[in-house]
Amino acid sequence: MSRELTRTLAAAIASVGVVGAMHAHAQSPSRPPDAGRGAVIAAQGVAPRVPACAQCHAFDGASEGSGAFPRIAGQSTYYLGKQMRDFASGVRTDAVMTPIGKALSTEEVADVAAYYATVASPFLPLKSGDPTLVKRGEQLAQIGDESKHLQSCDDCHGPGGAGEPPAIPYLAGQYAHYIAFQLQMWQRGFRKSSPDAMEYIAKRLDDRDVAAVAAYFQQARTATPPAQPKE
Amino acid sequence: MADLTRRFMLKATGAIGASMLSAGGAAAGTRGSEAASPGGARVAAGASPSIYVFLNREEAAFIESAVARLIPADAKWPGALEAGVSNYIDKQLAGAWGAGERLYRSGPWRPGTPSQGYQLPFTPAELFRAALGAINRDLSQAGTPFARMSSEQQDGYLRRLESGEKNLGGVPSDVFFEHLWQCTVEGFFSDPVYGGNRSMVAWRMVGFPGAYASYYELVDQHGIHIDRAPTSLAEDANGHMIINPGIPAKSP
Amino acid sequence: MAKRLKPVDVVTIGVGLTGSLMALELARAGLKVVGIERGAPRFTVPDFQSPAIHDELRFSIRKAMMQDNVKEAVTFRNAPDQSALPIRRWESFLPGTGLGGAFVHWNGQSFRFQVADFIYKTHIEQRYGKKILDPELTIQDWGVTYAELEPHYDRFEYLCGVSGKAGNIKGAIQPGGNPFEAPRARGYPTPPMKEPYFGALFREGAATLGYHPYPQPSANLSQPYTNAEGLTLQQCVFCGFCERYACEHFAKASPQTVILPVLFKNPNFELRTNCQVLRINLDSTGKKATGITYSDAAGAEVEQPADLVLITAFPLNNVRMLLLSGIGKPYDPKSGEGVVGRNYCYQTTGGATVFLDESINVNPFMASGANGTMIDDFGGDNFDHGPLGFIGGQYVGAIMTNGRPIEFHPTPPGTPKWGLGWKEAVARHYNHTVLLQQHGTSTASRLNYLDLDPTYRDAWGLPLLRMTFDFPENDIRMSQYVADKVVEIGHAMGAKTVIRGGTKRPYTTTVYQSTHNAGGAIMGDDPKTSVVNRYLQCWDVPNVFSIGASAFPQNGTYNYSMTIGALTYWALDAIKNKYLKAPGPLVHA
């Protein structure tokens, strides 16, 4: 357990430092991020315009499993923070997240990111996808496809899709519906982050391959961090 | 922050040996084997979880003590011995490199100029065997096996080898030393899949993130501090190392 | 008795960069082309995928992608009065093998040569007089000019999708580019790569000294790009495993990414791998090749008759193939007669190590093979050599390609070579050190040449190539001059300590420097001083062409892949439009 703890915690803690250094994209927070304050925002939102994150993402970040809302537990603070900024700036658009991104302050984003990066969260017992689809997804994830000019997802997304913090998110355990939806958003040009990598790759995936990687990663597993580090 | 990382890393050093045997990976907290510590050079010789397939006991004793002086442990970071460098060297000597892969092995053999590089007929396995045999005979005749010398005496002996002072069964001792040092650096810094760099301690020491490497988002954030735990090419999503199961990693 | 196959139109000896390009164009022209590759086939998926490819021990240290010395090495000596001995392990240069050749695991550094490079003898003598040349130097003009090659450089750059910022478009100097570069018809196909921190630090330091920093042109692309063949490259992610490694992301220009998928669809082309070519067969006149003989994967000897034989095997192997086949008169350094093996050159490299304050996180592991920032102020003949007493120059830059720790663990002067002090210094300086590169001209000398070794043989019983080489004194003086300039730049970057670079004699095969071996089958206008004419056609055997850097009479300042690509297109142009219509000598000397 301590190895995973090392990796995700070190990433989470380091990412906090990273957010501080990363003023190219946002104002530096004026104080170090506070996961405790982040937990409060997650639980009750920020009156009057920001609903509780927990309403959709659950207090433990596992969301509710339908894939309408992504699992965010254990995602790096850098990545969580960047998504909020992307919603605020229009690089990503979502009817619910865009106003939230715009309403939260730099400090609040950092706090919530620090909270969700370290929250303990189980994987929901969801039905597995069609085994042939999962197998195809595994191939794309671990090996790629020469005929489609596709490298393996894990090249960037880390061992078993565990992510490559701080900048590249985990896919292991992410909900199939959400993964498929984001790939479609890239295919249609609505999601403007990572245009030369993810948009390019998404456009080379046909519908079956999208379903395959989605099904594969939903059932892939990685360790999740505990709520607080223990010695 | 560095302290935290080190504490976890030290726990993992003990845990890794066990988790190598069962990829299922129960919580490391139950392992309880906190064998490694910063002053590990003195401890780890007994705790070294390796089966040697090439080195005999005498050879292994020399190699362990030698690498412990070449890259010693200190208060901040483990050294080559704790990192499993002797295991790395053993597995390399037992494998294709030791047997002479990628070495032009036709004669005639003649001494060359320094510019002409290595010109001996020995494969690495033959070279180590000849040299270690000569060293161990030499020292046991003198009544001072290397492993029982003080650190200062060991350093002094290594420096004499390094200077080329001795001929070790046909191997000039500086050539042996060069091979030993190169192997030590490789064993310290190579991917843990090869049996050294245990728990990626060497990568943590310098801050090298390892085998998974995709930095487009970060490369132009000049000066950014990257502190993520390194990744080995041998690990799965749960951080378990999947290494050649044919080579047991723990002493019975 | 060798099995004899049915004749084909063209055979290429090697299917690397030059072989792939030749095969593509000639198969498209309707010819039956067989590509004979001694190594194995390999493809981006699955062979180049991460994480397995990101294995420093396997690929950098054990050299897994390189030619296997067990079967075939090269012998070496610094001077003709020494005995050559085998290079038993590759270190100084790393010949590739396998489908795609060294263009699979190159660094993507994509420069053009300069105008003066192609008329080097004429240019130097006009500017400085013959007296500036040390007596042993044998520089020559190429027989082709930069202007003639320019459209072919353009075509090759656009095949590869090179990322860069032009510095000179049709004579108009462009801000942000290299003001010293040879004039181009148009800009690069894709914009320059992102600049890593070490490049930015170099740029600031170099600019304060009045130099002209510019982004290194790169075949690891800055953005997705589709070339004229319809093949698409992706964006480089700065993984730090470029040279000696293949790219998992389809982001590095290689035969696999820019040529082969199209070539393999052409029914006129046939690939044979794991086949070692033993010789080119000549008819009884000795002036016409009848084809080649090779040893296949199972060791059987096979004869492949062909009308046209293209030696596309990497410079050293090109020269060896000519010597083994008896094509052209071998060079004799004593008499100065003969041409095959003459004017062997290398690359003059080295550089400084700049130790910075520990607050500066360089993060060298975030790097690509060609993401450098550099200056050409000391390249080639870009500065006045009159008072200096040497010719040639080097580019200078911060061109770090990796932070792989077995290869990269710099320590300042005075650090013990091992032990606790060494370890502490490594930990302390790893992330706060920049390497500056000096990379430049290698001047031809009558003392440096290639021939066949009298003693050592390969696994097939054929003599190894023998290399006789040391850096000419001229090149030593040149690199020492530039080394002082580099130290100044290091200090301008804020260095706490700088370890000075500069090349010294003797050249050693034990430390990596460059794989830009060149010459030995040089091009020119005079068959007495060249092996091939300006179209890379052998003077002695007109249906054999020798394609590659073996044709360079001397080596220029820059990495030479783009120049090889341009020369290949130039030769192809002559083959398609002249030779095929009227086979025979294209140049009458």
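The values are calculated or read from the model by the stated rules, or taken from the named source; none is laboratory data. This is a predicted model, so every value here is computed, not measured. We place every Cβ from the backbone using ideal geometry, glycine too, and count neighbours over all the protein chains shown.
Which residues, taken from the range B:71-130, are among the β-branched types (Val, Ile, Thr) and surrounded by fewer than 20 Cβ atoms within 10 Å (Cβ to Cβ)?
Within the range B:71-130, B:Thr113, B:Thr123 qualify.
Could you check the range C:9-50 and list, in sequence order, the residues that are touching a Cys at 6+ places or on another chain (Cβ under 8 Å) and not hydroxyl-bearing (Ser, Thr, Tyr)?
Hits for the range C:9-50 are C:Ile36, C:Glu37, C:Arg38, C:Phe48.
Spot the failing condition for C:Pro51; the list is (1) at pLDDT 95 or above; (2) buried (at least 24 other Cβ atoms within 10 Å of the Cβ), and only one is missed.
(1)
Name the residues in the range C:339-349 that are under 16 Å from C:Gly393 (Cβ atoms) and touching a helix residue (DSSP H, G or I) at 6+ places or on another chain (Cβ under 6 Å), would you?
Scanning the range C:339-349 gives a single hit, C:Thr348.
Working carefully through the options C:Asp484, C:Asp540, C:Asp526, find the one that is among the acidic types (Asp, Glu), closer than 21 Å to C:Ile139 by Cα and either at pLDDT 95 or above or in a loop (DSSP other than H, G, I, E, B) (or both).
Exactly one of C:Asp484, C:Asp540, C:Asp526 is among the acidic types (Asp, Glu), closer than 21 Å to C:Ile139 by Cα and either at pLDDT 95 or above or in a loop (DSSP other than H, G, I, E, B) (or both), namely C:Asp526.
Can you find even one residue in the range C:480-494 that is within 14 Å of chain B (Cβ to nearest Cβ) and touching a Phe, Trp or Tyr at 6+ places or on another chain (Cβ under 9 Å)?
Within the range C:480-494, one or more residues are within 14 Å of chain B (Cβ to nearest Cβ) and touching a Phe, Trp or Tyr at 6+ places or on another chain (Cβ under 9 Å).
If you take the residues in the range C:230-246 that are over 15 Å from A:Asp196 (Cβ atoms) and touching a strand residue (DSSP E or B) at 6+ places or on another chain (Cβ under 7 Å), which one is nearest to the other protein chains (Cβ to nearest Cβ)?
Filtering first and then ranking leaves C:Gly240.
Return the pairs, sorted by first residue and then second, in which the second residue is crowded, with 24+ Cβ neighbours inside 10 Å and of a type in the set (Asp, Glu), the first residue lies in the range C:157-175 and is closer than 16 Å to C:Ala147 by Cα, the beta carbons are less than 8 Å apart, and the residues are 6+ apart or on different chains.
Sorted first by the residue in the range C:157-175, then by its partner, the pairs are C:Asn168/C:Glu181.
Scan the range A:105-124 residue by residue and report those that are of a type in the set (Gly, Ala, Ser), part of a helix (DSSP H, G or I) and touching a Gly at 6+ places or on another chain (Cβ under 6 Å).
A:Ala113, A:Ala114
Taking interchain pairs and intrachain pairs at least six residues apart, which have beta carbon atoms under 7 angstrom, with the first residue in the range C:327-342 and without any contact (Cβ under 8 Å) to a residue 12 or more places away in the chain and the second among the charged types (D, E, K, R) and surrounded by fewer than 24 Cβ atoms within 10 Å (Cβ to Cβ)?
Listed by first residue and then by second, the contacts come to C:Gly338/C:Lys329; C:Gly338/C:Asp332.
Of all residues in the range B:185-206, count the ones that are of a type in the set (Ser, Thr, Tyr), in a helix (DSSP H, G or I) and either within 7 Å of chain C (Cβ to nearest Cβ) or under 20 Å from C:Pro364 (Cα atoms) (or both).
1
So which residues in the range A:110-143 are out of contact with any Leu (no Cβ under 8 Å at 6 or more places or on another chain) and farther than 18 Å from A:His177 by Cα, if there are any at all?
Residues satisfying the conditions are A:Ala110, A:Asp111, A:Ala114, A:Tyr115, A:Val119, A:Ala120, A:Ser121, A:Pro122, A:Gln139, A:Gln142, A:Ile143.
Exactly one condition in (1) surrounded by 20 or more Cβ atoms within 10 Å (Cβ to Cβ); (2) closer than 18 Å to A:Ser128 by Cα; (3) at pLDDT 95 or above is false for A:Thr222; which is it?
(3)
Yes or no: the range C:556-571 includes at least one residue that is touching a strand residue (DSSP E or B) at 6+ places or on another chain (Cβ under 7 Å), among the aliphatic types (A, V, I, L, M) and modelled with pLDDT of 95 or more.
yes
Consider the range C:312-357. How many of its residues are in contact with a Leu (Cβ under 6 Å, 6 or more places away or on another chain) and in a loop (DSSP other than H, G, I, E, B)?
Result for the range C:312-357: 3.
Starting from residues that are in contact with a Gly (Cβ under 7 Å, 6 or more places away or on another chain) and part of a loop (DSSP other than H, G, I, E, B), keep the ones in the range C:8-43 and report whichever is surrounded by the most Cβ atoms within 10 Å (Cβ to Cβ).
C:Val15
Spot the failing condition for C:Glu204; the list is (1) over 16 Å from A:Ser147 (Cα atoms); (2) within 14 Å of chain B (Cβ to nearest Cβ); (3) surrounded by 17 or more Cβ atoms within 10 Å (Cβ to Cβ); (4) touching a residue at least 24 places away in the same chain (Cβ under 8 Å), and only one is missed.
Every condition holds for C:Glu204 apart from (3).
Hey, can you tell me all the residues within the range B:226-241 that are aliphatic (A, V, I, L, M) and within 7 Å of another protein chain (Cβ to nearest Cβ)?
The answer is B:Ile226, B:Ala229, B:Leu233, B:Ala237.
Being more than 16 Å from C:Gly490 (Cα to Cα), more than 20 Å from the chain's Cα centre (by Cα), more than 8 Å from chain B (Cβ to nearest Cβ) and surrounded by 24 or more Cβ atoms within 10 Å (Cβ to Cβ) is the filter here, so list the residues in the range C:361-419 that pass it.
C:Pro364, C:Ile391
Within the range A:125-144, does at least one residue satisfy the condition of being closer than 26 Å to A:Arg31 by Cβ and either assigned to a loop (DSSP other than H, G, I, E, B) or not assigned by TED's automatic domain parsing to the domain that holds A:Ala43 (or both)?
The answer is no; no qualifying residue exists.
Quick one: in the range C:437-461, of everything that is part of a loop (DSSP other than H, G, I, E, B) and under 21 Å from the mean Cα position of the chain (by Cα), which residue is nearest to the other protein chains (Cβ to nearest Cβ)?
It comes out as C:Asn448.
Would you mention how many residues in the range C:54-63 are crowded, with 20+ Cβ neighbours inside 10 Å and in contact (Cβ under 8 Å) with a residue 12 or more places away in the chain?
Adding up the residues that qualify gives 6.
Pick out, from the range B:63-164, the helices (runs of 4 or more DSSP H) lying fully within it that include 1 or more residues that are among the polar types (S, T, N, Q) and without any contact (Cβ under 8 Å) to a residue 12 or more places away in the chain.
Once the helices (runs of 4 or more DSSP H) in the range B:63-164 are filtered for at least 1 residues that are among the polar types (S, T, N, Q) and without any contact (Cβ under 8 Å) to a residue 12 or more places away in the chain, what remains is B:124-141, B:151-162.
In the set C:Thr257, C:Thr190, which member is under 25 Å from the mean Cα position of the chain (by Cα), surrounded by fewer than 24 Cβ atoms within 10 Å (Cβ to Cβ) and within 30 Å of A:Gln142 (Cβ to Cβ)?
So the residue among C:Thr257, C:Thr190 that is under 25 Å from the mean Cα position of the chain (by Cα), surrounded by fewer than 24 Cβ atoms within 10 Å (Cβ to Cβ) and within 30 Å of A:Gln142 (Cβ to Cβ) is C:Thr190.
Those residues that are charged (D, E, K, R) and under 10 Å from C:Arg244 (Cβ atoms), I need them from the range C:51-61; list them, please.
Scanning the range C:51-61 gives C:Glu56, C:Arg58.
Among (1) free of Cβ contacts under 8 Å to residues at least 40 places away in the same chain; (2) within 14 Å of chain B (Cβ to nearest Cβ), there is one condition C:Phe264 misses while meeting the rest; what is its number?
Just one mismatch for C:Phe264, condition (2).
Pick out the one residue from A:Ala202, A:Ala172, A:Ala215, A:Ala197 that is in contact with a helix residue (DSSP H, G or I) (Cβ under 6 Å, 6 or more places away or on another chain) and within 12 Å of chain B (Cβ to nearest Cβ).
The unique qualifying residue is A:Ala172.
What tally of residues in the range B:207-225 results from selecting those that are at the interface with chain A (Cβ under 7 Å from one of its Cβ atoms) and aliphatic (A, V, I, L, M)?
2
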